[in-house]
Number of protein chains: 2
Amino acid sequence: MKEKLIFTNLVGEVVDGLVAELGNPRVAIVADTNTAQLVLPLLVNESKAAAAATVITVKSGDVNKNIDTLSDLWKKLMDMEATRNTLIINLGGGVVSDMGGFAAATFKRGMRCINIPTTLLAAVDASVGGKTGINFNGLKNQIGVFSEPVAAVISTIYFNTLPQQEIMSGYAEMLKHGLLENPDTLGKLLASSPVYPMFDATRLLPLIEESVLVKSRIVEKDITESGIRKALNLGHTIGHAFEAYSYRRKSPIPHGYAVAWGLVVELVLSHIILGFPSDELQRFAAYVLENYGAYEITCDDYPALVADMRQDKKNSSPDNINFTLLENVGVPRININATAEQIGGALDIYRDLMHIA
Amino acid sequence: MKEKLIFTNLVGEVVDGLVAELGNPRVAIVADTNTAQLVLPLLVNESKAAAAATVITVKSGDVNKNIDTLSDLWKKLMDMEATRNTLIINLGGGVVSDMGGFAAATFKRGMRCINIPTTLLAAVDASVGGKTGINFNGLKNQIGVFSEPVAAVISTIYFNTLPQQEIMSGYAEMLKHGLLENPDTLGKLLASSPVYPMFDATRLLPLIEESVLVKSRIVEKDITESGIRKALNLGHTIGHAFEAYSYRRKSPIPHGYAVAWGLVVELVLSHIILGFPSDELQRFAAYVLENYGAYEITCDDYPALVADMRQDKKNSSPDNINFTLLENVGVPRININATAEQIGGALDIYRDLMHIA
């Protein structure tokens, strides 16, 4: 069954409609400590199904997207005597939908779930496409399955209270979708800024829909990421390495920032290996520097970063590091291998572009 | 892709052929402490792919089919830098294929695996049909996914050194398949005995093939157990409750024995609710008593057993206990609800049939 994508600001009404369509099962809402406090009361006000649901709260933050929190979530499903027929509603960001989606896919070998993303990042990325899972042994998303929710209900009504950093994170994934789509979509995004007060979440829903549909069209062709879905990994091979490295250095950077910087490095690699146009690269790098600043690294950090990249799920062998790169805006090429030397060269140029000493 | 079932005693040759067909990936063999010592050397002698593989040993026994052992298995896959392209070969009984299959389904969101069952029970049950998972929080197989191996290589060459108890366990699942299939298949099984020295594993391969194909035809129609696959749960609602209860009482009974006794109780329920013929019930109960003995329970045990049945994955609500029962041999009926009173009545008659005071 294909995931249903619903773009609406009438969330409560839509949720009640979906629950009725599914035969009025019992509902468990998985929320994190933040969304349970800030968002859940809004949803409960608007939805009978949410008001009647059992609430399961998990600790917030990517650092808690681990086997311990997941075990706790499974236990709470057992405590409520959840069955295969119980419906999970994931109310939160990507941490909640990744972990709640994995719990749903694995509890009694599979329950149904619905995602209600409460962050821009989750709306344009994690809530769609069925990647679920947890971090393991210090590496991101090492354990999980592909399992699509029955629906994602995507709105902007929860975004106005988001920290600036969350908006920036989501916008980075939208930039990625723009790079994958065409110069027009990318141009619209580069012409505006995600930084307050320029930015108004309530006017964002059409742009989000455009962005989600870029992703959803790609996922539909290749749910298990054996081919073209790898295009969506643009920026993420480097981005995940930045993220994992920052996590081990005990000063974690937000996912979207890691992606923004990862996109710059991978556009440099695209330029080196596939001749991606230099002016597009410079324009994009300048935009990222202005809006996201820079992730500071030195050449002493390269070996550890490359070691992390070797763990990337896309690699078919530990000897190759596999990238999705661009020939041009809208022209992705998957399964491009780069050597540690080429990556080092790209990181050198990234540091120049980002004005890092 | 449908699971390939290969019945052969030329295991090494067949495995090397499969690995070549899959593009000669790196191979990880998951074995338990017993099969690593007793079976692996035989396979390594006969298979180049096995000789070149990385061996991952997990603790043997259902008591170790848990999240800790699974985490250890995931870590060892990371240590060997396994990728999505690495092939897992599960060499062992159901504990190994359940846990190794779940690890394969979830590591980096999915690798391929092949099952080589080394027990009769695994050959006729766990190695086929894609149920993977672990026990959790004291209950059996609460966490897992449906994920078929690319192939199962089924032989009898590893059975001659099996303990009697393992043969009995496997034979109980064959009895179940006989009950589901027709009076002829059942008759053949009831006419022979799994007890040494009557029993000769080397002459068993055709009977195993007949039995596995009963299961595989049913699974093919309904991989995710939303309908007819539930027929295969015959004997297992009661059987799992016996097993979980014995586990908590610190005197665990083997799975197949629990199934044999569970089949007797569920045939009693079938008689009460669906009019299953009394003479077939008596004949079957006598066979089980003669070959398996009896699981001793008193009426004081009923509430705890019923509480365990409520946790069964097939239930759509905690208020109903859902059974697969038989109208007659070869005529299963799924989704039959029974009350705690009816179950108590059936357990009373079971105790009579089994000569329990």
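Values quoted throughout were computed directly from the atomic coordinates according to the rules given, and no laboratory measurement underlies them. Fair warning: this is a prediction, and the values are worked out from it, not measured in the lab. Please note: Cβ atoms are built from the backbone with ideal geometry, for glycine as well, and neighbour counts cover all protein chains shown.
Structural remarks
- Based on C-alpha pairs under 8 angstrom that are at least 6 apart in sequence, chain B has a relative contact order of 14 percent.
- Simple Cβ-charge dipole of chain A, Lys/Arg +1 and Asp/Glu -1, about Cα centre, in debye nearest 20: 1020
- Inter-chain shielding of B:127-138 (mean C-beta neighbours from other protein chains, 10 Å cut-off): 2
- Degrees between helix B:11-21 axis and first principal axis of chain B (Cα, 0 to 90, nearest 10): 60
- Simple label model, 7 Å out from Cα along Cβ direction - residue B:317 to residue B:337, nm: 0.5
- Of the GluC sites (Glu not before Pro) in the range B:258-339, those whose Cβ has at most 13 other Cβ within 10 Å and which sit in DSSP loop: B:296
- Considering only the range A:4-154, percent of DSSP beta bridges that pair antiparallel, nearest 5: 20
- Residue-averaged beta-carbon neighbours from other chains (10 angstrom radius) around A:109-120: 2
- Over all orientations, the range B:4-154 has a Cα convex hull whose mean projected area works out to 7.6 square nanometres.
- Relative packing of peptides A:209-215, B:165-171 - highest average C-beta neighbours within 10 Å first: B:165-171, A:209-215
- Applying a DSSP loop filter and a limit of 13 other Cβ atoms within 10 Å to the trypsin sites (Lys or Arg not before Pro) in the range A:1-80 leaves A:2.
- With its label point put 7 Å out from Cα toward Cβ, residue A:328 sits 7.3 nm from the same residue's point in the other copies, in order from shortest.
- All distinct Cα pairs of the range A:72-111 go into the 1/r average, and the inverse of that average, the Kirkwood radius, is 10.1 Å.
- Amide H partners (placed H, <5 Å) of residue A:55, local residues excluded: A:29
- Convex hull volume per residue for chain B, taking Cα atoms only, in Å³: 122
- Kirkwood-Stokes translational diffusion coefficient of the range B:164-353, alpha-carbon pairs, 4 °C, 1.567 mPa s, µm²/s: 78
- In nm, spacing of pseudo-spin labels at residue B:301 and residue A:301 (7 Å Cα→C-beta vector): 6.2
- The antiparallel fraction among DSSP beta bridges confined to the protein assembly as shown stands at about 35%.
- Per residue of peptide B:140-151, the mean number of Cβ atoms on other chains within 10 Å of the residue Cβ is 3.
- Acute angle (nearest 10 degrees) that the helix B:236-248 long axis makes with the longest principal axis of chain B, alpha-carbon atoms: 80
- Folded to 0 to 90 degrees: helix B:205-221 orientation relative to chain B principal axis, Cα: 80
- For the protein assembly as shown, convex hull of alpha carbons as volume per residue, Å³: 146
- Qualifying GluC sites (Glu not before Pro) in the range A:1-89, DSSP loop, other Cβ atoms within 10 Å at most 15: A:81
- Amide N of the range B:1-24 lying under 12 Å from the label point, which is placed 7 angstrom from the Cα of residue B:85 along Cα→Cβ: B:23-24
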